[in-house]
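The values are calculated or read from the model by the stated rules, or taken from the named source; none is laboratory data. The structure presented is a predicted model; accordingly, all values stated were derived computationally and were not measured. Cβ atoms come from the backbone with ideal geometry, glycine included; neighbour counts cover every protein chain shown. Areas reflect the complete protein model, heavy atoms only, side chains present, ligands, DNA and RNA absent. Shrake-Rupley method; radii C 1.70, N 1.55, O 1.52, S 1.80 Å.
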Amino acid sequence: DLVSVALATDTPSIDASLLPLGSISGFVTDESGDPILGTTVTAYLSGADGQPIPIGSADTNTAGRYILTGLPDNTYFLHFDAGAGFTAEWYDDTLDQASASPLMVDANGVIENVDAILAGSAELGGSITNGTGEPVDNVEVTLYDDRARTFTTTSDVTGDWTVPGLQPGPYLNRYVVL
């Protein structure tokens, strides 16, 4: 609200009432039960177009614990991303937001034990050579999985390429010389 203030006068009764906020917390571990440090846990709302809208995030500590605070009364979807070596996922153990389990946070609501066990990830790589066996650099390699997601990289000066962070499964490869 716009408040007018004049010199040498008191402007009383400018009061506010804060809405109570909630939180979500839990632990992130690997498949052996070991905590994963530095996993980014992001709370999303579902946008009108179905696209996720990020609201807040927190990173796990050395015990694998995270806590998302300051969440207004709403329904959230959590995404867990530990980076290289692990498969990112949505709560509760799904690969896409559409299949994720919603978490309803009420005013002053505390939701605990929203845990995630992240699976290890695989990588796919190879080497690109020409007809005489010489390495070819700057070739765009695109992988397509069975969910129509794409993963792209470029071969280096030795012709080698690698795409980390993949889930086990089939991939279609496409190569384009740049």
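Give the residue that is least open to solvent (accessible area, probe 1.4 Å), with candidates limited to residues of the range 100-128 that are of a type in the set (D, E) and part of a loop (DSSP other than H, G, I, E, B).
Checking each candidate, the answer is D115.
For residues that are open to solvent by 20 Å² or more (accessible area, probe 1.4 Å) and within 16 Å of M104 (Cβ to Cβ), scanning just the range 41-55, find the one that is modelled with the lowest pLDDT.
Filtering first and then ranking leaves S46.
Mind listing whichever residues of the range 161-178 are over 26 Å from D81 (Cα atoms) and open to solvent by 70 Å² or more (accessible area, probe 1.4 Å)? Give the steps one after another, and end with the answer.
Going residue by residue through the range 161-178, those that are over 26 Å from D81 (Cα atoms) are 174-178.
Answer for the range 161-178, where residues must be over 26 Å from D81 (Cα atoms) and open to solvent by 70 Å² or more (accessible area, probe 1.4 Å): R174, Y175, V177, L178.
So which residues in the range 75-99 are over 24 Å from G165 (Cβ atoms) and either within 12 Å of the chain's Cα centre (by Cα) or surrounded by 15 or more Cβ atoms within 10 Å (Cβ to Cβ) (or both), if there are any at all?
Y76
Which residue out of G38, G26, G70 is touching a residue at least 24 places away in the same chain (Cβ under 8 Å) and either more than 20 Å from N108 (Cα to Cα) or in a loop (DSSP other than H, G, I, E, B) (or both)?
Matching residue, one of G38, G26, G70: G38.
Here are some residues: G131, G109, G125. Which one is in contact (Cβ under 8 Å) with a residue 40 or more places away in the chain and of a type outside the set (D, E)? Write out each step before concluding.
Values: G131 fails: in contact (Cβ under 8 Å) with a residue 40 or more places away in the chain; G125 fails: in contact (Cβ under 8 Å) with a residue 40 or more places away in the chain.
The match here is G109.
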